[in-house]
1. Can you work out the accessible area per residue across the chain, with the rest of the protein chains kept in place, probe 1.4 Å, in square angstrom?
2. Can you tell me which of 336-349, 245-258, 316-329 comes out highest on packing, and rank the rest after it, using the mean Cβ neighbours within 10 Å?
3. Give me the distance in nm between label points sitting 7 Å out from Cα along the Cα-to-Cβ direction at residue 319 and residue 355, one decimal.
4. Put +1 on the Cβ of every Lys and Arg and -1 on every Asp and Glu Cβ in region 34-83; which of 77, 65, 50 then has its Cα farthest towards the positive end of the dipole?
5. Just to confirm a number: summing +1 for Lys and Arg and -1 for Asp and Glu over residues other than residue 275 whose beta-carbon lies under 10 angstrom from that of residue 275, what do you get?
6. Tell me which GluC sites (Glu not before Pro) from region 106-166 have a DSSP coil assignment and no more than 15 other beta carbons within 10 Å of their own.
7. Output wanted: per-residue J couplings in Hz (rounded whole) for region 56-61, from phi through Karplus 6.51 cos²θ - 1.76 cosθ + 1.60, θ = phi - 60°, x for Gly and Pro.
8. Determine which aspartates and glutamates satisfy two conditions relative to residue 229: a Cα distance under 16 Å, and not lying fewer than 8 residues away in the same chain.
Amino acid sequence: MNTFGQALRISTFGESHGEAVGCLIDGFPAGVVIDEAFIANEMQRRKGGQTPYATPRREEDGVQILSGVFEGKSTGAPIALLIANANTKSKDYTDIQSLFRPGHADFTYHAKYGIRDYRGGGRSSARESVARVASGAFAKMLLREIGIICESGILHIGSCAGSEIDFAHARGSEIFALDKHQEEAQKRAILEARKNHDSIGGCALVRAYSTNATLQNALLGLGEPLYHKLSGSIGGMMMGLNGVKAVEIGDGIESSKRLGSQNNDCMDSSGFKSNHCGGILGGIATGAEIRVKVYFKPTPSIFLPQATIDTSGAECELTLKGRHDPCIAVRGSVVCESLLALILADMALLRMTNRLESIKAFYEDR
Ligand SMILES: Cc1cc2nc3c(=O)[nH]c(=O)nc-3n(C[C@H](O)[C@H](O)[C@H](O)COP(=O)(O)O)c2cc1C
């Protein structure tokens with residue numbers, strides 16, 4: 001239940017205030033150059049404690065590679081990664097250990113398991129996503145070898161929506177804003193929510209594209225038909241991330257308001273003339289840019305008094321302490337980008353056995 005993938009399998013472990021969070025990556029091919037500076041940069045992008053737009057909790061988030069890498073290259077053995085939890089303040093949670101935070105997973109974890117590591121939200125905390133970004137960095141290093149790039153940015157914060165999509169700008173923005181003209185207003189919306197002891201929702205745009213612009217690029221053909229459709233895997237994986245409430249592929253909901261003649265992506269000899277489908281048809285990548293919108297709810301942990309119950313069912317008022325993201329979409333966007341990389345790396349490995357000629361080419365080539 002903590003494992004994702006078929007050819008490339010990721011299993012994560014760890015709680016928010018436990019010793020560490022980590023993961024095991026199995027099925028990662030031998031011979032990939034492991035760029036530790038790149039991994040550190042990926043972790044840095046997800047990290048809190050750096051701006052007023054994210055949680056004040058600041059972890060070093062150094063990734064310890066315990067196995068599977070030798071002399072700078074993957075060996076084909078399982079890769080174990082460990083990320084220590086050093087900056088925990090579990091005392092903030094002692095007072096609320098028997099109370100259920102509205103909007104969080106406290107109530108359902110308690111109802112299901114009867115026991116729960118309440119410190120920092122335990123396993124239900126998005127601290128776990130640090131392992132997704134660390135393993136996602138490995139997936140990105142693999143995808144880079146076949147010319148596939150994944151990236152993300154923020155489309156809207158609350159009702160403050162951008163219209164311009166500029167990934168180059170998002171890379172340098174403190175909130176990964178895609179529209180530089182809306183960035184200041186989006187930042188203000190986060191600060192306003194925070195000042196009011198509240199939180200705010202948002203939406204990330206995640207994309208994958210091939211650096212080879214021909215119709216034969218490495219994205220083309222990724223995805224399995226029907227039960228492991230690329231769109232289904234993306235939807236399942238993104239919806240599996242904490243706080244995600246909706247996912248759209250390509251034009252998504254807008255498509256349901258159109259005629260077929262408006263929505264179809266017609267073709268000419270150079271490829272698709274539009275990309276309403278978001279780069280996926282029949283569960284299989286068309287080779288065009290894959291576009292996914294991921295919608296996050298506002299952070300459930302807010303600092304306003306709220307009505308709740310305790311574990312005995314008694315009604316009470318809850319006023320939280322602790323450190324929380326005022327807007328989870330911001331750091332969440334980085335996690336979504338890693339998730340897309342994990343899905344595509346898995347699909348890229350599965351893709352290699354789809355045709356007899358690929359199998360024969362491999363054996364004849366040796
Ligand atoms: C990157 C990221 C950071 C998050 N930070 C917080 C946080 O600081 N406080 C909080 O209450 N929830 C935070 N969440 C959301 C909760 O983990 C999530 O809402 C909770 O586990 C309940 O799950 P659900 O919203 O998917 O139902 C964060 C989520 C993500 C993806």
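The values are calculated or read from the model by the stated rules, or taken from the named source; none is laboratory data. On a predicted model such as this, the values are computed, not experimentally measured, just so you know. Backbone-built Cβ (ideal geometry, glycine too); neighbour counts: all protein chains shown. These accessible areas exclude ligands, DNA and RNA; they are computed on the full protein's heavy atoms, side chains included. Shrake-Rupley method; radii C 1.70, N 1.55, O 1.52, S 1.80 Å.
1. That works out to 47 Å² for each residue.
2. Highest mean packing first, the order is 336-349, 316-329, 245-258.
3. In this crude spin-label approximation the distance works out to 6.7 nm.
4. Projecting each Cα onto the dipole axis, the largest value belongs to 50.
5. Computed value for this residue: -1.
6. Of the GluC sites (Glu not before Pro), the ones in loops of region 106-166 whose Cβ has at most 15 other Cβ atoms within 10 Å are 164.
7. Coupling constants for region 56-61: x, 5, 10, 10, 5, 6 Hz.
8. Counting by Cα, and skipping residues close in sequence, residue 229 has these aspartates and glutamates nearby: 248, 346.
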